[in-house]
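Chemist: Would you mind keeping the following structure in view while I ask a few things?
The values are calculated or read from the model by the stated rules, or taken from the named source; none is laboratory data. Model, not experiment: these values are computed from the prediction. All Cβ positions, even for glycine, are placed from backbone atoms using ideal geometry, and neighbour counts span all protein chains on display. What goes into the accessible areas is simple: the full protein's heavy atoms, side chains included, and nothing from ligands, DNA or RNA. Shrake-Rupley method; radii C 1.70, N 1.55, O 1.52, S 1.80 Å.
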Amino acid sequence: MKEKINMENKEKMQKNQSVIRINKLRKVYKLEDESVIALHSVSAEIKKGEICCIFGTSGSGKSTLLNHLAGMEKPTSGEIFMGKTDITKLKEADMVSFRRKHIGFIFQAYNLLPGLTALENVALPMMFQGYPKKERDRRAEDLLKRVGLEKRIHHYPSQMSGGQQQRVGIARAFVTDPKVVFADEPTGNLDTENEEIIAGLLLECAHEKGYTVVLVTHSLELARKADVIYRMKDGRMMRYDR
Ligand code: ADP
Ligand code: MG
């Protein structure tokens, strides 16, 4: 009995671990004769297994924030801790390997490689991690089945609909068992019916395995499906009470 309680406590503690800690993040884009403050002083903590939605109107700074969290841009000031690593301090080459190991990304425009099949696209991120080919193909196939594409495994992106391509995008983001998956308006290019199906699928996949997800959307309806909601406005981010 005591052991069981200890186990439960341990699980709770692990759930409460912060995966991302954002501290006073600021980004100023300097243009020729003006500067744009895209992120004011954004601070937040995202916990393990949490599905977190950031919603806000176009131009509010959502993509800027997500690109910083995925280490694709450097801030003007501030810190982003993932575990014990402040990723804003990593050199480009170290950031690339950190990203390959720990981060999955789902893009609005899918960003699949046109010359590769669904299976090859999903298996690609595992190439950098030294999985043998057989294992890569097996994992990629399992995930493609999970997202409902068992009949499209050998199709190329141009032979699939938008919704199907984004299913491949979801499978690819989860295939390396990343610490966190970022999704920037992943349903933004889909029709309303597909938007719901694909968003639902993404959240299901995340819940099943307890993945941590940061999802950007301009839809409050979609945001309401998350555990935690943030609202972005003019480069500032605040918790949104549902
Ligand atoms: P969202 O994703 O919420 O629509 P963005 O993060 O793309 O918003 O943009 C936030 C603000 O920063 C906007 O005013 C945008 O014009 C500006 N911005 C984004 N990227 C750049 C850039 N590379 N150079 C200059 N301004 C930029
Ligand atoms: Mg955007």
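Chemist: Look at the stretch 107-124 and say how many of its residues are within 16 Å of ligand 2 (Cβ to nearest atom) and crowded, with 17+ Cβ neighbours inside 10 Å.
Modeler: 3
Chemist: Give the number of residues within the stretch 40-60 that are open to solvent by less than 10 Å² (accessible area, probe 1.4 Å), touching a His at 6+ places or on another chain (Cβ under 8 Å) and within 13 Å of ligand 2 (Cβ to nearest atom).
Modeler: Residues that pass the stated criteria total 1.
Chemist: Determine which single condition E79 fails, assuming it passes every other condition in (1) of a type outside the set (S, T, N, Q); (2) more than 16 Å from ligand 2 (Cβ to nearest atom); (3) buried (at least 16 other Cβ atoms within 10 Å of the Cβ).
Modeler: Condition (3) is where E79 drops out.
Chemist: Moving on. Run down L116, L112, L66 and say which single residue is modelled with pLDDT of 95 or more and within 12 Å of ligand 1 (Cβ to nearest atom).
Modeler: Working: L116 fails: within 12 Å of ligand 1 (Cβ to nearest atom); L112 fails: within 12 Å of ligand 1 (Cβ to nearest atom).
On inspection, the qualifying residue turns out to be L66.
Chemist: Filter the stretch 149-186 for residues that are of a type in the set (D, E, K, R) and under 13 Å from F105 (Cβ atoms); which is surrounded by the most Cβ atoms within 10 Å (Cβ to Cβ)? Let's see the steps before the verdict.
Modeler: First pass over the stretch 149-186, keeping only residues of a type in the set (D, E, K, R): 150-152, 167, 172, 177, 179, 184-185.
Next, from what is left, pick out any that are under 13 Å from F105 (Cβ atoms): 172, 179, 184-185.
Details: R172: 27, K179: 17, D184: 21, E185: 20.
Step by step, filter the stretch 149-186, then rank; the result is R172.
Chemist: Further, regarding this structure: Output the number of the condition that K225 fails; it satisfies all remaining conditions of (1) of a type outside the set (V, I, T); (2) away from ligand 2 (no atom under 16 Å from the Cβ); (3) open to solvent by less than 40 Å² (accessible area, probe 1.4 Å); (4) within 28 Å of V42 (Cβ to Cβ).
Modeler: (3)
Chemist: Is the stretch 187-196 home to any residue that is within 22 Å of T57 (Cα to Cα), in contact with a strand residue (DSSP E or B) (Cβ under 9 Å, 6 or more places away or on another chain) and open to solvent by 30 Å² or more (accessible area, probe 1.4 Å)?
Modeler: Scanning the stretch 187-196, I find at least one residue that is within 22 Å of T57 (Cα to Cα), in contact with a strand residue (DSSP E or B) (Cβ under 9 Å, 6 or more places away or on another chain) and open to solvent by 30 Å² or more (accessible area, probe 1.4 Å), so the answer is yes.
Chemist: Something else now. Against the definition (within 22 Å of R100 (Cα to Cα), away from ligand 1 (no atom under 16 Å from the Cβ) and modelled with pLDDT of 95 or more), how does L144 come out, yes or no?
Modeler: Against the criterion (within 22 Å of R100 (Cα to Cα), away from ligand 1 (no atom under 16 Å from the Cβ) and modelled with pLDDT of 95 or more), L144 qualifies.
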